[in-house]
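The values are calculated or read from the model by the stated rules, or taken from the named source; none is laboratory data. Since we're looking at a predicted model, the values are computed, not measured. Cβ coordinates were reconstructed from backbone atoms using ideal geometry, including for glycine residues, and neighbour counts include every protein chain displayed.
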Amino acid sequence: MPWLWRIEDESGNEVSLPDLAGQEFPAQGDAETWLGEIWRDLVAAGADAVTLLEDDREVYGPMSLHAPGSE
């Protein structure tokens, strides 16, 4: 089962960021590592939160991409 991130705006709507999103990962740890490396780029492109999916199942989220108190 592939792991992937659903990228969301502040209203919880999915955001299309073709250059940054849409990648599938073979394991949860790979997906989390990728997010740790790219979250600032996602914020700069207009993303506010992410939800981790394993295939179609929500594992956790939405999780804010902003530091506490910065929103």
Which of the residues belonging to the range 8-18 are in contact with a Gly (Cβ under 9 Å, 6 or more places away or on another chain) and either closer than 12 Å to Leu65 by Cα or surrounded by 12 or more Cβ atoms within 10 Å (Cβ to Cβ) (or both)? Glu8, Asp9, Val15, Leu17
Can you tell me which residues in the range 19-71 are surrounded by fewer than 16 Cβ atoms within 10 Å (Cβ to Cβ) and of a type in the set (Asp, Glu)? Asp19, Glu24, Asp30, Glu32, Glu37, Asp41, Glu54, Asp55, Asp56, Glu58, Glu71
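How many residues are assigned to a loop (DSSP other than H, G, I, E, B), in contact with a Leu (Cβ under 8 Å, 6 or more places away or on another chain) and touching a residue at least 40 places away in the same chain (Cβ under 8 Å) when one looks only at the range 1-27?
Residues flagged as assigned to a loop (DSSP other than H, G, I, E, B), in contact with a Leu (Cβ under 8 Å, 6 or more places away or on another chain) and touching a residue at least 40 places away in the same chain (Cβ under 8 Å) within the range 1-27 amount to 0.
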Listed by first then second residue, the pairs whose first member lies in the range 45-61 and is without any contact (Cβ under 8 Å) to a residue 24 or more places away in the chain, whose partner is not in a strand (DSSP E or B), with beta carbons under 9 Å and at least 6 positions apart or on separate chains, are Arg57/Met1
Would you confirm whether any residue within the range 50-65 is touching an Asp or Glu at 6+ places or on another chain (Cβ under 7 Å), at pLDDT 95 or above and among the hydrophobic types (A, V, I, L, M, F, W, C)? yes
Looking at Asp41, Asp30, can you tell me which residue is of a type in the set (D, E, K, R), at pLDDT below 95 and in a helix (DSSP H, G or I)? Asp41
Test Asp41 against the stated conditions and say whether it is touching a residue at least 40 places away in the same chain (Cβ under 8 Å) and out of contact with any strand residue (DSSP E or B) (no Cβ under 7 Å at 6 or more places or on another chain). no
